[in-house]
Each structure stands twice: as C-alpha cells, then as structure tokens.
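Engineer: Handing you a structure now.
The values are calculated or read from the model by the stated rules, or taken from the named source; none is laboratory data. Predicted model only: the values in this text are computed from it and were never measured. FYI the Cβ positions are ideal-geometry reconstructions off the backbone, even for glycines, and counts take in every protein chain you see.
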Amino acid sequence: MTNFKYVAVNGQGKTIEGTVDTTDRAAVLVALSKQSLRPISIKEVSSGKVSLNFNILLGKNKVKSGELVIFTRQLSTMISAGVPLLRGLESLGKHAESAALKKIIEGIIKEIEGGAPFGDALAKYPNTFNDVYVNMVRAGEAAGILDEILKRLALQQEKNATIRKKIKSAMAYPSVLIVIMTVAFFGLMLFVIPQIGKILKDLGGPDAQLPLLTQFMLGLSAFLLSYWFIIIPAVAGGIFLLLRYIKTPRGKSQFHHLILKVPAVKGIIRKVAVARFARTFSALMGAGVAVLEALSVTGHAIGNVVYEEALIKAAEEVKNGKQLSQVIEGYEELFPPIVAQMLSVGEETGQTDTVLVKVADFYEEEVDVAIDGLSAVIEPVMIVMMGSMVGLIAASVMGPIASLSQNIK
C-alpha cells in the first residue's frame with residue numbers, strides 16, 4: 001500500500017485536502033470519484049515514514065483508552081445538545097490535549113467533508129477505533145441515535161478499562177517478586193556462593209567432605225560462572241521467541257487453549273470473557289446491529305481465540321435457523337448456564353440487550369472478587385518461594401560450617 005496526498009474540489013466548489021492509502025493513482029481516482037470529488041493534484045508521499053515508525057515506537061501516535069472515553073462522552077453530549085457533528089469534532093480537535101488524537105480528529109473531519117459517513121471515517125483509524133466502535137457508530141447513524149450509541153460506547157470502554165486495570169494491578173505484585181527472585185538467584189550464584197565456597201575450602205582443606213547439598217550449590221554456581229555469557233542470552237532469547245510465537249495465529253490459539261485449562265487462572269479468564277461477550281453483544285444489539293454481524297464483531301472483541309471460534313460457529317448455527325440461546329447452551333465449558341438462560345429470556349421478551357447488561361454487571365463483579373481472591377493467594381505463595389530459595393542457600397552454607405566447627409572442637 002502507498003500513501004497518496006490529494007487536493008480535490010467537491011460539488012460546492014470547496015477545496016479539500018487529504019491522504020489515502022491505496023495501491024496506485026488509478027485507485028485514488030476511483031476513491032475520489034465515489035466521493036463526488038474532482039481531483040486537482042495527486043502526489044505520492046514518500047517522506048516521513050521513518051519518523052512515523054519512530055513515533056509509533058515511542059508511543060506518540062497511540063491514543064490512550066482514557067482519552068478515547070473522554071472524546072466519546074464529550075461528542076455524545078454535544079450531539080445530544082443539537083451541535084452538528086462537524087462542529088463538535090472541530091471543537092474537540094481544538095481542545096484535545098493529545099497530539100495523536102488531535103491529528104486523528106483532523107483526519108476524520110477531512111473524510112466527512114469529503115462525503116464519507118462518520119463510521120467510515122472512523123474505520124480509517126483501526127488502531128484507535130476498533131470494529132465494535134465502528135459498527136456501533138454506523139448503526140447509530142443509520143438509526144438516527146448516534147448520541148445514545150456514543151454514551152453506550154463510553155460506558156463499555158470504561159468497563160473494559162476497569163477490568164484491564166484490575167488484572168494488571170493483580171499481576172504487578174507477583175511480576176515484581178519474580179524479577180526480584182531471579183535477580184537475587186543469579187546474584188547469589190555468581191557473587192556470593194563462590195566466595196563462601198572458597199572460605200569453606202580454606203577452612204576444611206582440599207580433602208574436606210562437604211554435604212551433598214553444598215556440593216550441588218557449588219557445582220551450579222561454577223557452571224553459571226563458566227557459561228553465564230551463554231545462559232543469560234539463551235534465556236532472554238527463549239523468552240523473546242516464546243512471546244513472538246504467542247503473537248502468531250497458531251501460537252495465540254495454543255496459548256489461549258492452554259490458559260483455559262490452568263486451574264488457578266481459567267476461572268478468571270472465563271468470567272472476563274463472558275463479561276466482555278455480554279457487554280459487547282448487548283451494546284451491538286441495542287444499536288440495531290444484525291445478530292450475525294454482532295456475533296462476528298463480538299468474537300473479535302473478546303480477545304480470546306477459543307471464544308472467537310465458538311462464536312463464529314454459533315453464527316453459522318443461528319444462520320441455519322437455531323436460537324442463539326440454544327447454541328450457547330451447547331458450549332458449557334465456555335459459557336455458564338446462566339448466560340443461555342438469560343439469552344432465552346431476552347429472546348422471548350425482545351430485550352436481549354437489557355438482559356445481557358445485567359449478565360455483564362454480574363460477571364464484572366465476579367471478576368473483581370476472583371482477582372482479589374487470587375491476589376490474596378499469590379502473595380503468601382511468592383513469599384514461601386522466596387523463603388525457600390534463601391533457606392536452601394542458607395542450609396547449603398550452614399551445614400558445612402557446623403561440621404567444620406565440630407571438627408575444630
């Protein structure tokens with residue numbers, strides 16, 4: 001794909017500038033003609049690629065979730081008050097604190113001035129506005145309830161951000177302890193144990209019989225000292241390759257299947273996924289999105305390949321005439337029975353979106369309780385692990401010292 005900058009004139013004679021990513025100039029002409037624009041000049045943009053990638057690496061072009069929530073709420077309020085969409089966007093663009101968000105809003109305004117619908121303009125920025133956001137905005141435009149849809153989106157983003165923050169805070173403590181344990185282990189093995197071994201050999205002589213545990217620790221320390229320049233890069237490289245593999249489609253699928261089988265984690269992952277499914281699907285249904293499209297978008301939004309595959313299969317069964325509640329009931333390992341029951345009630349009463357909001361609220365509270373419980377368990381387990389490591393090293397040192405002191409007596 002190549003980036004082209006164009007200057008064109010619309011039907012009212014107004015000059016419009018913008019950029020478009022496409023294959024060649026002919027594709028640019030086709031895109032402009034669809035928007036009823038007459039091109040004046042089209043130039044291929046070749047400069048700025050390095051700085052753009054550099055900014056991406058620094059995170060300068062990324063819009064934070066909190067900024068997106070504020071943007072969505074403010075735009076919803078303006079539209080509810082009767083402010084035209086373009087005027088509201090221009091006002092938000094002028095007062096945006098984030099340079100990245102300001103640039104995106106300017107791009108959206110140019111797209112709308114060129115004749116593109118608001119939803120299509122948002123779709124040009126997939127890193128900021130995901131499929132759920134774009135589809136709900138499109139549905140809101142079609143139904144004439146854009147302000148209400150934006151309120152739903154802001155609420156949904158806040159809920160998702162809250163869950164993410166809780167998971168990150170729960171993982172922060174064990175992550176720090178694991179790093180401390182790793183650094184302490186290598187520090188003791190590379191610097192402390194060799195010195196203690198030298199002292200023991202000086203006291204006991206070259207023929208001193210050291211306990212088996214002490215011999216093992218000294219041998220491990222000697223091995224690390226001899227091959228640390230191979231071991232440390234190998235461990236770092238292994239972790240890097242593992243993380244890269246997890247990002248591939250096959251690796252992501254295997255990883256997501258694995259975490260749904262880990263006893264201590266699968267309960268939380270399941271509740272988070274069900275909460276996201278209920279919240280996202282209810283929002284899409286409330287916006288008037290078709291069931292099949294809502295299932296497809298929700299599957300991508302959950303962030304778990306196992307659930308995504310299940311919802312794709314569910315969409316096929318619904319397409320063939322089955323009720324969604326009956327299909328979900330067949331996935332007991334992924335969706336608790338209450339989800340199918342509530343879906344059935346929603347289908348009977350025609351209030352699927354309202355019923356699923358209650359399901360989402362319930363499971364979000366369950367996630368909070370589960371994370372707090374996991375945090376309470378992780379802390380003593382990590383302390384015991386650190387104490388065991390220190391105790392093992394202390395035992396390997398104190399054993400021969402006690403033996404040598406008896407010999408001296």
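Engineer: For region 224-342, give me every one of the helices (runs of 4 or more DSSP H) that falls completely inside it and has 2 or more residues that are of a type in the set (D, E, K, R).
Structural biologist: Values: elements: 249-259, 263-286, 291-302, 305-319, 324-329.
Per the criteria, 249-259, 263-286, 305-319.
Engineer: Can you confirm whether region 140-148 contains a residue that is loosely packed, with under 15 Cβ neighbours inside 10 Å, more than 19 Å from VAL63 (Cα to Cα) and of a type in the set (D, E, K, R)? If you could, list the steps in order and put the result at the bottom.
Structural biologist: Residues of region 140-148 that are loosely packed, with under 15 Cβ neighbours inside 10 Å, as a first pass: 142-144.
Cutting the leftovers down to more than 19 Å from VAL63 (Cα to Cα) gives us 142-144.
Then keep just the ones that are of a type in the set (D, E, K, R); that gives none.
Among the residues of region 140-148, not one is loosely packed, with under 15 Cβ neighbours inside 10 Å, more than 19 Å from VAL63 (Cα to Cα) and of a type in the set (D, E, K, R), which makes the answer no.
Engineer: Could you tell me which of the residues ARG87, ARG152 is among the charged types (D, E, K, R) and crowded, with 16+ Cβ neighbours inside 10 Å?
Structural biologist: On the way: ARG87 fails: crowded, with 16+ Cβ neighbours inside 10 Å.
Result: ARG152 is the single residue among ARG87, ARG152 that is among the charged types (D, E, K, R) and crowded, with 16+ Cβ neighbours inside 10 Å.
Engineer: Looking at TYR133, TYR173, which is the one that is part of a helix (DSSP H, G or I), among the aromatic types (Phe, Trp, Tyr) and at pLDDT 85 or above? Give the steps one after another, and end with the answer.
Structural biologist: Values: TYR173 fails: at pLDDT 85 or above.
The conditions single out TYR133.
Engineer: For residues that are without any contact (Cβ under 8 Å) to a residue 24 or more places away in the chain and either of a type in the set (Lys, Arg) or in the same structural domain as ILE108 (by TED's automatic domain parsing) (or both), scanning just region 10-39, find the one that is farthest from ILE105 (Cα to Cα).
Structural biologist: Of region 10-39, the ones without any contact (Cβ under 8 Å) to a residue 24 or more places away in the chain are 12-13, 20-27, 29-31, 33-34.
With the extra rule that they be either of a type in the set (Lys, Arg) or in the same structural domain as ILE108 (by TED's automatic domain parsing) (or both), the set shrinks to 25, 34.
Details: ARG25: 25, LYS34: 22 Å.
Ranking the qualifying residues of region 10-39, first place goes to ARG25.
Engineer: Restricted to region 323-373, and to residues that are exposed (fewer than 15 other Cβ atoms within 10 Å of the Cβ) and of a type in the set (Asp, Glu), which residue is nearest to MET285 (Cα to Cα)?
Structural biologist: Selected residue: GLU348.
Engineer: Take ILE302 and decide whether it is surrounded by 13 or more Cβ atoms within 10 Å (Cβ to Cβ) and under 21 Å from the mean Cα position of the chain (by Cα).
Structural biologist: Details: surrounded by 13 or more Cβ atoms within 10 Å (Cβ to Cβ): yes; under 21 Å from the mean Cα position of the chain (by Cα): yes.
Yes.
Engineer: May I ask you to list the residues in region 178-208 that are at pLDDT 80 or above and either among the basic types (Lys, Arg) or outside the structural domain of GLY387 (by TED's automatic domain parsing) (or both)?
Structural biologist: LYS198, the sole residue that qualifies.
Engineer: Within region 158-186, can you find the residues that are of a type outside the set (A, V, I, L, M) and closer than 23 Å to ALA283 by Cα? Quick ask: steps written out before the conclusion?
Structural biologist: Here is the first cut: in region 158-186, the ones of a type outside the set (A, V, I, L, M) are 158-160, 162, 164-166, 168-169, 173-175, 182, 185-186.
Result: GLU158, LYS159, ASN160, THR162, ARG164, LYS165, LYS166.
Engineer: Test each condition in (1) hydrophobic (A, V, I, L, M, F, W, C); (2) under 30 Å from LEU150 (Cβ atoms); (3) out of contact with any Ser or Thr (no Cβ under 9 Å at 6 or more places or on another chain) for PHE255 and report the one that comes out false.
Structural biologist: Of (1) hydrophobic (A, V, I, L, M, F, W, C); (2) under 30 Å from LEU150 (Cβ atoms); (3) out of contact with any Ser or Thr (no Cβ under 9 Å at 6 or more places or on another chain), only one is false for PHE255: (2).
Engineer: Which residue, of VAL367, VAL318, VAL345, VAL327, is within 27 Å of the chain's Cα centre (by Cα) and either on the phi > 0 side of the Ramachandran plot or assigned by TED's automatic domain parsing to the domain that holds ILE259 (or both)? Walk me through how you get there before you give the answer.
Structural biologist: On the way: VAL318 fails: within 27 Å of the chain's Cα centre (by Cα); VAL345 fails: within 27 Å of the chain's Cα centre (by Cα); VAL327 fails: within 27 Å of the chain's Cα centre (by Cα).
The conditions single out VAL367.
Engineer: Please pick out the residue among ALA154, ALA139, ALA100, ALA121 that is assigned by TED's automatic domain parsing to the domain that holds VAL69, free of Cβ contacts under 8 Å to residues at least 40 places away in the same chain and assigned to a helix (DSSP H, G or I).
Structural biologist: Values: ALA154 fails: free of Cβ contacts under 8 Å to residues at least 40 places away in the same chain; ALA139 fails: free of Cβ contacts under 8 Å to residues at least 40 places away in the same chain; ALA100 fails: free of Cβ contacts under 8 Å to residues at least 40 places away in the same chain.
When all the criteria are applied, what remains is ALA121.
Engineer: Using the structure shown, decide if LEU75 is in the same structural domain as PRO126 (by TED's automatic domain parsing), in contact with a Phe, Trp or Tyr (Cβ under 8 Å, 6 or more places away or on another chain) and either within 15 Å of PHE129 (Cβ to Cβ) or basic (Lys, Arg) (or both).
Structural biologist: Working: in the same structural domain as PRO126 (by TED's automatic domain parsing): yes; in contact with a Phe, Trp or Tyr (Cβ under 8 Å, 6 or more places away or on another chain): no; either within 15 Å of PHE129 (Cβ to Cβ) or basic (Lys, Arg) (or both): yes.
Taking the combined requirement at face value, the residue does not satisfy it.
Engineer: Further, regarding this structure: Within region 264-285, does at least one residue satisfy the condition of being assigned by TED's automatic domain parsing to the domain that holds VAL345 and under 22 Å from VAL179 (Cα atoms)?
Structural biologist: yes
Engineer: Only residues in region 365-390 that are among the acidic types (Asp, Glu) count as the first member; pair them with residues that are part of a helix (DSSP H, G or I), Cβ under 7 angstrom, at least 6 apart or cross-chain, and list the lot.
Structural biologist: Cβ pairs passing all conditions: GLU366/LYS271; ASP368/LYS166; GLU379/TYR173.
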